[in-house]
Amino acid sequence: MKDKIKVLMVDDEVQFRETTKKILNKKGFETLMAATGLEALAQLANEPDVVVLDIRMPGMDGNETLAEIKRKKPAIPVIMLTGHGEGELAKKALAQGAFDFLSKPFDVEALAMRILDACKQPAADETGKDEHRVRDVMIPVEGYTKLLENQTVAEGIMALRDSFSPQIHTCSIMETGHRSLLVFDDGGDLKGILAIIDLLEAIMPAYLSAPKPSTADSLQYSPMFWTGMFTREVSRLADTPVGQLMSPTPPTIDADANLMEAAYLMVKNQCRRMVVMENDRIAGVIREQDLFFEMERVLR
């Protein structure tokens, strides 16, 4: 990394630009400035290392400017500045290739850290050119096991069993079963997901978790206590609609999202799968094992 990082600050608010420039310069950065998207494109000739770009500007807005920057200088990381309630614009910017975004007002120290992080990233033309996106490793919705919320647990179990048969997706054999199925209503809207763990939780009799005297512990865990319970509870559950025991819909992620973002969201939300969206429609499901097999592909 160079001794002095050159930052291009693009914002139509004069006072904000000037104040931010002074603070960044004190922190050792060299700061270029632009008030419009057109000025920002002209400043690319000065070879900035990072662009900090306001999403709301008159004339050419931040997303339009970002698209032009990525067309002219795809390797330059761009940090977007957003206002309150502009989450959708931020998501669009990330899909267009923005490195990150910060919401105003923000701590300039946080901006400085983002700039440093952006400069540590290898150039886009040096690494990641063969990196897959979520759409490349997901299970397309057409190939994912689906059920209506009024169908029975017995039907769900049979459908899940069939999902463990080898299938083809994204030009390769799917190595493992879905271990879950998508649950829809009659109108075609996704209502939730039924996973194997939901079935296991559902066959637990309520009294197993009810308060009990400590003297009952030895009886509860005796072989006689457990005998026949599994068969009895599975049979009892057979005709129950899956809508009564499904889990909520998993978190969603855009089909063009980076796999590192998918991994981050799975870890953050402690989930094993996410619903993939494209143009406000369900495109598929990405599972933890899909990311695992992509790890193996990278190493191979």
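Does residue 198 meet the test of being open to solvent by 40 Å² or more (accessible area, probe 1.4 Å), part of a helix (DSSP H, G or I), modelled with pLDDT under 95 and not β-branched (Val, Ile, Thr)? Judged against the criteria, residue 198 is not a match.
In the condition set (1) surrounded by 18 or more Cβ atoms within 10 Å (Cβ to Cβ); (2) farther than 30 Å from residue 280 by Cβ, residue 6 is compliant with all but (1). Only one of the listed residues (210, 216) is in a loop (DSSP other than H, G, I, E, B), open to solvent by less than 50 Å² (accessible area, probe 1.4 Å), of a type in the set (A, V, I, L, M, F, W, C) and modelled with pLDDT under 90. That residue is 210.
If you go through the range 7-19 and pick out every residue that is assigned to a helix (DSSP H, G or I) and β-branched (Val, Ile, Thr), you end up with 2.
Conditions (1) surrounded by 13 or more Cβ atoms within 10 Å (Cβ to Cβ); (2) among the small types (Gly, Ala, Ser), marked per residue:
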{"position": "202", "(1), (2)": "yes, yes"}
{"position": "229", "(1), (2)": "yes, no"}
{"position": "255", "(1), (2)": "yes, yes"}
{"position": "265", "(1), (2)": "yes, no"}
{"position": "268", "(1), (2)": "no, no"}
{"position": "273", "(1), (2)": "yes, no"}
{"position": "279", "(1), (2)": "no, no"}
{"position": "288", "(1), (2)": "yes, no"}
{"position": "297", "(1), (2)": "no, no"}
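Yes/no per residue for (1) farther than 17 Å from residue 194 by Cα; (2) open to solvent by 100 Å² or more (accessible area, probe 1.4 Å); (3) modelled with pLDDT of 90 or more; (4) hydrophobic (A, V, I, L, M, F, W, C):
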site: 134; (1), (2), (3), (4): yes, no, yes, yes
site: 140; (1), (2), (3), (4): yes, no, no, no
site: 143; (1), (2), (3), (4): no, no, no, no
site: 146; (1), (2), (3), (4): no, no, yes, no
site: 152; (1), (2), (3), (4): no, no, yes, no
site: 156; (1), (2), (3), (4): no, no, yes, no
site: 168; (1), (2), (3), (4): yes, yes, no, yes
site: 172; (1), (2), (3), (4): yes, no, no, no
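A single entry from 16, 101 fulfils the requirement of being of a type outside the set (Val, Ile, Thr), under 19 Å from residue 119 (Cβ atoms) and either in contact with a helix residue (DSSP H, G or I) (Cβ under 8 Å, 6 or more places away or on another chain) or without any contact (Cβ under 8 Å) to a residue 24 or more places away in the chain (or both): 101. If the requirement is being touching a Ser or Thr at 6+ places or on another chain (Cβ under 7 Å) and either open to solvent by less than 60 Å² (accessible area, probe 1.4 Å) or more than 18 Å from residue 120 (Cα to Cα) (or both), which of these qualifies: 25, 46? That would be 25, the only listed residue that is touching a Ser or Thr at 6+ places or on another chain (Cβ under 7 Å) and either open to solvent by less than 60 Å² (accessible area, probe 1.4 Å) or more than 18 Å from residue 120 (Cα to Cα) (or both).
The values are calculated or read from the model by the stated rules, or taken from the named source; none is laboratory data. Computed from a predicted structure; not experimentally measured. No Cβ is skipped: glycine too gets one built from the backbone with ideal geometry, and neighbour counts run over all protein chains shown. Calculation scope for accessible area: heavy atoms of the full protein, side chains included, ligands and nucleic acids excluded. Shrake-Rupley method; radii C 1.70, N 1.55, O 1.52, S 1.80 Å.
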